[in-house]
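The values are calculated or read from the model by the stated rules, or taken from the named source; none is laboratory data. Values in this document were obtained by computation on a predicted structure and should not be read as measured data. Using ideal geometry, Cβ is built from the backbone for each residue, glycine included, and neighbour counts are taken over all protein chains shown. Keep in mind that these areas ignore ligands, DNA and RNA; they rest on the heavy atoms of the full protein, side chains included. Shrake-Rupley method; radii C 1.70, N 1.55, O 1.52, S 1.80 Å.
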Amino acid sequence: MSESDFLAAFGRLPSATADAAGRVNLMGEHTDYNGGRVLPTAIPGRTRVWLARRDDGRVQAGSAAVGGAVESYTLGAESPRGTWLDYLQGITAELVRGGQALSGLDLWIESDVPVGSGLASSAAFEIAVLRGLRALYGLLLDDLELARLGQRAETRFVGANVGIMDQMAAVFADEHTALLLDTRTLAFERVPLPDTLEIGVIDSGVRHAHASGGYNERREECERAAALLGVRSLCELSVDALPRVLELPEPLARRARHAITEHARVGAAADALRAGDGDALRALFTASHASQRDDFAVSVPEVDRLVSLALKDEDVVAARLTGGGFGGSIVFVASRGRAHTAALRVLDAAALPHARVVVPARASHG
Ligand code: GLA
């Protein structure tokens with residue numbers, strides 16, 4: 001279908017295509033830039049790109065999501081515009097800086113990963129583009145380099161000082177397992193999702209903006225707390241250090257307590273998944289949500305409402321805010337085959353104007 005959109009936009013057919021999935025994080029929020037572990041899994045939503053080379057050093061890019069308008073710039077002369085194009089400019093700027101011989105590009109983008117919903121739409125876009133460019137130009141980049149390049153595009157060019165969870169998830173996660181990733185070493189193992197349970201995601205419809213929002217501020221607070229505690233990153237500390245942590249000035253004490261307790265919950269959540277232990281997941285998700293709301297202050301009332309309604313539903317096992325916060329989505333765990341109807345009940349009770357069920361897209365018969 002979008003070959004024809006590409007043709008309409010650029011007057012020729014694409015010569016490569018690539019895609020990458022969004023992710024939902026099951027545990028470990030704001031632990032990635034604190035040197036900790038995370039536990040994301042891929043969602044069915046994907047971003048797909050179609051590409052063709054140009055030889056005039058220009059980049060032209062368009063997407064149905066922005067009304068099909070085509071924007072352009074010159075390779076090597078990238079400069080931030082404060083629009084979605086910055087994610088693309090960030091990537092080509094990084095590749096050019098790294099000495100890759102790009103000569104130009106026409107690009108068409110489509111995505112069903114909701115934007116600004118805590119489901120890593122930017123990373124899905126970055127990794128889809130990087131995979132497409134690797135195929136188009138035969139670039140010698142391994143998968144780990146793709147993740148690192150995507151993250152650098154976002155931190156250096158877009159100005160969102162993100163960790164590496166989302167790009168690693170876009171490259172390596174699948175829908176059947178959770179990726180237990182150590183963000184210090186980038187080593188990971190795949191934790192199978194239990195047959196008895198199913199993952200659901202509801203988008204609150206309240207939008208965040210990382211660059212302008214409190215995300216960078218939270219990261220700085222964590223870095224200040226780590227410096228005061230004499231460690232490189234907060235996740236080096238275990239819960240045994242909490243008495244000392246709580247002597248920090250506020251809000252640093254609460255920020256650090258979140259990072260440290262959340263990090264302890266990641267391994268515990270992986271174990272609970274392996275054991276299919278719904279009670280343990282419920283306790284861990286509930287504690288994680290409270291910590292994000294009260295200590296890290298990244299939740300909003302609409303998201304709190306969705307979580308508390310989900311926890312009252314008979315088929316929901318566990319629920320919490322997922323992703324960077326300041327709006328966005330909740331992730332919940334339900335009995336297998338029940339997530340979609342449970343999500344519809346929660347949505348109905350919440351009566352939020354822009355909320356919607358993202359996962360599962362429809363009822364399954366598992
Ligand atoms: C965003 C960032 C990630 C991570 C999460 C919070 O998704 O891109 O690096 O920090 O927020 O867990």
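Largest accessible area first, the listed residues L197, L107 line up as L197, L107 when surface is computed with a 1.4 Å probe on the assembled protein chains.
Taken along the Cα-to-beta-carbon direction at a fixed 7 Å, the label points for E220 and A283 span 3.9 nm.
Under the simplified labelling scheme, the A361-E145 pair shows an inter-label distance of 3.3 nm, with each label point 7 Å from Cα along Cα→Cβ. Roughly speaking, to the nearest percent, how much of the chain's 1.4 Å accessible area is carbon and sulfur? Taking all protein chains in place, the chain shows 50 percent carbon and sulfur surface. Ordered from highest to lowest accessible area with the whole protein assembly present and a 1.4 Å probe, H30, H340, H176 read as H176, H340, H30.
The modelled label-to-label distance between R184 and A65, using points 7 Å beyond Cα along the C-beta direction, is 3.5 nm.
Can you show me the helix-derived [θ] at 222 nm for the chain, built from DSSP H runs with n ≥ 4 at -39,500 (n - 2.57) apiece and divided by the number of residues, rounded to the nearest 500.
It lands at -11500 deg cm²/dmol.
In this structure, the amide hydrogen of T183, modeled 1.01 Å from its nitrogen in the peptide plane, lies closer than 5 angstrom to those of G36, R37, V38, counting only residues at least 5 positions away or on a different chain.
Taking all Cα pairs closer than 8 Å and separated by 6 or more residues, the relative contact order of the range 2-182 comes to 31 percent. If I ignore ligands, DNA and RNA and count only protein heavy atoms, how much of R156 is accessible to a 1.4 Å probe, in Å² to the nearest 10? Here the residue's solvent-accessible area equals roughly 130 Å². Between T196 and T177, full extension at 0.36 nm per residue minus the direct alpha carbon distance yields a gain of 5.5 nm. Only protein heavy atoms count here; under a 1.4 Å probe, E217 has an accessible surface of about 100 Å². Note on D19 and A268: the extension gain reaches 86.4 nm, defined as 0.36 nm multiplied by sequence separation minus the Cα-Cα distance.
Taking all protein chains as they are arranged and a probe of 1.4 Å, the heavy atoms of Y87 leave approximately 60 Å² accessible to solvent.
P(r) for the range 247-309, from all Cα pairs and a bin width of 5 Å, is 4, 18, 23, 20, 19, 12, 4, 1 %, short bins first. If R0 is 30 Å, the Cβ-Cβ spacing of A290 and S238 corresponds to a FRET efficiency of close to 0.95.
Compared with the direct C-alpha span, the chain from V231 to A77 gains 51.5 nm at full extension, assuming 0.36 nm per residue. Rolling a 1.4 angstrom probe over the protein heavy atoms with all chains in place gives the range 2-182 an accessible area of 34 Å² per residue. Accessible-area rank, largest first, for R320, R81, R37: R81, R37, R320, with all protein chains present and a 1.4 angstrom probe.
Here the 3J(HN,Hα) profile of the range 274-285, calculated from phi with Karplus coefficients 6.51, -1.76 and 1.60 at θ = phi - 60°, is 4, 8, x, 8, x, 5, 5, 4, 4, 4, 5, 5 Hz, Gly and Pro shown as x.
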